[in-house]
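Let me begin by presenting the structure, written as structure tokens, before commenting on it.
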Amino acid sequence: MSAKKITIAIDGFSSTGKSTLAKEIAKALNYIYVDTGAMYRAVTLYAMQNKYVTGDNFNTKALINDLNAIKLSFKFNEVLGFAEMYLNNINVEKEIRTIEVSKLVSKVSAVSEVRKKLVKEQQEMGKDKGIVMDGRDIGTVVFPEAELKLFMTASADRRAIRRYKELLDRGDDVNYEEILQNVQERDRLDSTRKDSPLTKAVDAIEFDNSDMGLKEQYERIMSLVNDRIKQ
Ligand code: DC
């Protein structure tokens, strides 16, 4: 008999290492991994390409009108070992990670119509369970029935340092202060928006990983996963 499949929801602040952990867990369990932040980033990139959103203006109506024409998909990259984001069949994995997208994504992800479309697609991806999904509203809105909910936090400067190193490793020309500001500003916007603000689900287990290594987090989480599978 094959093992029971569960739904694992990982929420938390930006750059808390959610996706690194989620990927490892999904790989160990042979589950699907979905980075929902990549979906909000791809819609933001679309809005930027069409000049619907800039630092000063946001033509929400134009974006809402186009929502049916925005096709998002993930395709597994065998070499990299994870699924990359495609926007209307074009690989946008690199473009969606830039600081320009990071600066505008909280505006776009506050639009209820955008959230409605993406939440529906996310629920469809997880309908058969066997999924690890990370984001801001997975345990509260997308899968309120998830068997395991985790909520990741870490101090803002620890998170900014991680993000800074990640971008430097990719060869981007980045400024630490700008990244720290972006991390803090996104925390504020994501936690105070009206629709589905970032908040810890009452039944989520909180992990402050400011001083916790990846191996320790992974082991703790896998033990929780095994408990839930046995239940
Ligand atoms: O996980 P990330 O930092 O790549 O996410 C980018 C932004 O997308 C984040 O600042 C808020 C938004 N987001 C969201 O509103 N809901 C989600 N489920 C995932 C991300």
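We did not get these values from a lab; they are worked out from the coordinates using the rules stated. Note that this is a predicted model, so its numbers are computed, not measured. Cβ atoms come from the backbone with ideal geometry, glycine included; neighbour counts cover every protein chain shown.
What number, rounded to the nearest 500 deg cm²/dmol, is the helix-based mean residue ellipticity at 222 nm of the chain, given -39500 (n - 2.57) per DSSP H run of at least four residues and division by all its residues? Walk me through the numbers on the way to the answer.
Numbers: 8 runs with 105 residues, N = 231.
Using -39500 (n - 2.57) per qualifying helix, the result is -14500 deg cm²/dmol.
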Worksheet item: What is the log10 of I(q)/I(0) for the chain, computed with the Debye formula using one identical point scatterer on each Cα and no solvent, at q = 0.11 Å⁻¹?
Response: -0.54
Fill in: Residue among Asp128, Asp35, Asp203 with the largest mean-square fluctuation in a Gaussian network model of the chain, springs linking Cα atoms under 10 Å
Asp128
Worksheet item: Near the amide H of Arg193, under 5 Å away, which other amide H atoms are found, from residues 5 or more places off or on another chain, if H is placed in the peptide plane?
Response: Leu198
Item to complete: State which entries of Lys149/Lys230; Lys116/Lys194; Lys149/Lys200; Lys71/Lys117; Lys61/Lys117; Lys23/Lys116 exceed 19 angstrom in Cα-Cα distance in the structure shown.
Response: Lys23/Lys116
Worksheet item: Per the Kirkwood treatment, what hydrodynamic radius in Å, one decimal, follows for segment 1-133 from the mean inverse distance over all distinct Cα pairs?
Response: 15.7
Worksheet item: Spin-label point model (7 Å from Cα, Cβ direction): what's the Leu168 to Ser112 distance in nm?
Response: 4.4
Response to the item:
One finds, for Ile99 and Ala62 with R0 = 25 angstrom and r their Cβ-Cβ distance, a FRET efficiency to the nearest 0.05 of 0.55
Practice prompt. Using only Cα atoms, locate the centre of segment 54-77 and the centre of segment 136-200, then give the distance between them in Å, rounded to an integer.
Written response: 21
Worksheet item: How long is segment 62-107 along each principal axis, judged by its Cα atoms, biggest number first, in Å?
Response: 37, 25, 13
